[in-house]
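This structure is in structure tokens; I'll ask about it shortly.
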Amino acid sequence: MADHPITAHTQVSALGHGNQATLAALQEGRPGLRAWKAGDGQLQTHIAEVAGWQEQALPGGLARYDCRNNRLLELALQQDGFTDAVACACRRHGADRLGIFIGTSTSGIAITEQAYRESADRGDAGPLPADRHSHRHTHQTYSAARYLRERLALTGPAQVISTACSSSAKVFAAAHRFLEAGLIDAAIVGGVDSLCETTLYGFHSLQLVSAEPCRPWDRDRSGINIGEAAGLALIERRHDHAAYRLLGYGESSDAYHMSSPEPEGRYAAEAMHAALHRARLGPEDIDLVNLHATATRNNDRAEDRAIQHIFPADAATRFVATKGLTGHTLGAAGIIESLFCLLSLEQGFIPASAGLQTPDPALATPLNREHRRAQPRHAMNNSFGFGGSNACLIFGERVG
């Protein structure tokens, strides 16, 4: 497939604000998890929270979009010169030729949780209070794209993808299709998800939340930690000075179970195979794979099987799991972990797999356990969502 350069990127997570803070945390293996206990005492876990979101105001005239999700987006916009890069792209291509493709699952649901809580405290069973922000601007998933469109004064196509944990990986594929169709000349791709009780208690009800810091691929792993994050990247049809590009993507669907992956990883492997095919690469060309690796029993086992379908047992590829640093950022995981891959390519290193103490002997894929100086050429990122929505991305320098 035609590969398009990534000309700017930025992120915020529990590891810090911006690429430099994130890079330092990745290289040091410094996790952003902290203990959390629900007010009712029913749930004890660890979470990964973005610092400073409470103080982040939205620009004047955009207060109707005020929610935790959009505050995280605004924090990301302010890092790494990203808004300046978008402004330059807008001058090159025109405001109507920049698309927006965002992944999210929680959107601004915390605002609605608060409204219902206040109604219950008043004993009010009627409609939500009129002084609450409308669902149109905060709760519904399109809020993030609508906010970015107004904030950046763009008039091109805009869409939100909500496929749980694969959401902000699939946006790369959607943007590529728009670029190839000639509908746009550049795209802002990214994702955002914010902490809320709906997801914390929802995953807890499925017995998937760990009380301890999560330990992907570990023999004694006991589930996920929930995190929050926002990440954005700018992809352009062409750019003479951009080194790293989206080389390939693959998507598939298990159609197996609403909350469990297909246990042999066959369809996850299909997504990886499709990404390699589009990138015109073989498994031996991939130096780094950022695994989805949620630290749940079923997901780690199924992904391990998928890796075995694609990579030979003696592969020189390094496999890493990073959710022990950030928690599972759900709809933001695809973009955040893709940006981890880009930082590894740009800065020449392989991160350690955080939280892994005793590798599970039932898993055949060996994880990289210590920070390594290296110069990976091509990096793959896996993002697998509820219902078996699978996405795989490959990044690297220009091919051919």
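The values are calculated or read from the model by the stated rules, or taken from the named source; none is laboratory data. Nothing here was measured: the structure is a model prediction, and the numbers come from that model. Neighbour counts are summed over all protein chains in view; Cβ atoms, including those assigned to glycine, are modelled from backbone coordinates with ideal geometry. Surface accessibility is based on the protein's heavy atoms, side chains included, excluding ligands, DNA and RNA. Shrake-Rupley method; radii C 1.70, N 1.55, O 1.52, S 1.80 Å.
Out of the residues in segment 353-400 meeting the condition of being under 20 Å from Ile235 (Cβ atoms) and of a type in the set (A, V, I, L, M, F, W, C), tell me which one is surrounded by the fewest Cβ atoms within 10 Å (Cβ to Cβ).
Ranking the qualifying residues of segment 353-400, first place goes to Val399.
Of a type in the set (D, E, K, R), within 18 Å of the chain's Cα centre (by Cα) and under 22 Å from Arg177 (Cβ atoms): is that true of Glu236 in this structure?
no
Considering only segment 73-116, state which residues are within 14 Å of Gln11 (Cβ to Cβ) and touching a Ser or Thr at 6+ places or on another chain (Cβ under 6 Å).
Answer for segment 73-116, where residues must be within 14 Å of Gln11 (Cβ to Cβ) and touching a Ser or Thr at 6+ places or on another chain (Cβ under 6 Å): Ala76, Leu77, Gln79, Asp80, Phe82, Gly103.
Oh, and also: Out of (1) at pLDDT below 95; (2) in a strand (DSSP E or B); (3) among the β-branched types (Val, Ile, Thr), what's the single condition that is false for Thr199?
Answer for Thr199: the failing condition is (2).
Hey, another quick one. Counting just the residues of segment 257-290 that are free of Cβ contacts under 8 Å to residues at least 40 places away in the same chain and assigned to a helix (DSSP H, G or I), which one comes out farthest from Glu180 (Cα to Cα)?
Glu284
Okay, next question. Please determine, by comparing only the residues of segment 211-241 that are of a type in the set (Gly, Ala, Ser) and surrounded by fewer than 23 Cβ atoms within 10 Å (Cβ to Cβ), which one is farthest from Ser166 (Cα to Cα).
Ala211
Since Val192 meets every condition but one in (1) within 22 Å of Ala110 (Cα to Cα); (2) of a type in the set (A, V, I, L, M); (3) open to solvent by 10 Å² or more (accessible area, probe 1.4 Å), which condition does it not meet?
Checking Val192 against (1) within 22 Å of Ala110 (Cα to Cα); (2) of a type in the set (A, V, I, L, M); (3) open to solvent by 10 Å² or more (accessible area, probe 1.4 Å), the one that fails is (3).
Based on this model, can you work out whether Asp40 counts as open to solvent by 10 Å² or more (accessible area, probe 1.4 Å) and under 27 Å from Ala187 (Cβ atoms)?
Details: open to solvent by 10 Å² or more (accessible area, probe 1.4 Å): yes; under 27 Å from Ala187 (Cβ atoms): no.
Criteria not met by Asp40.
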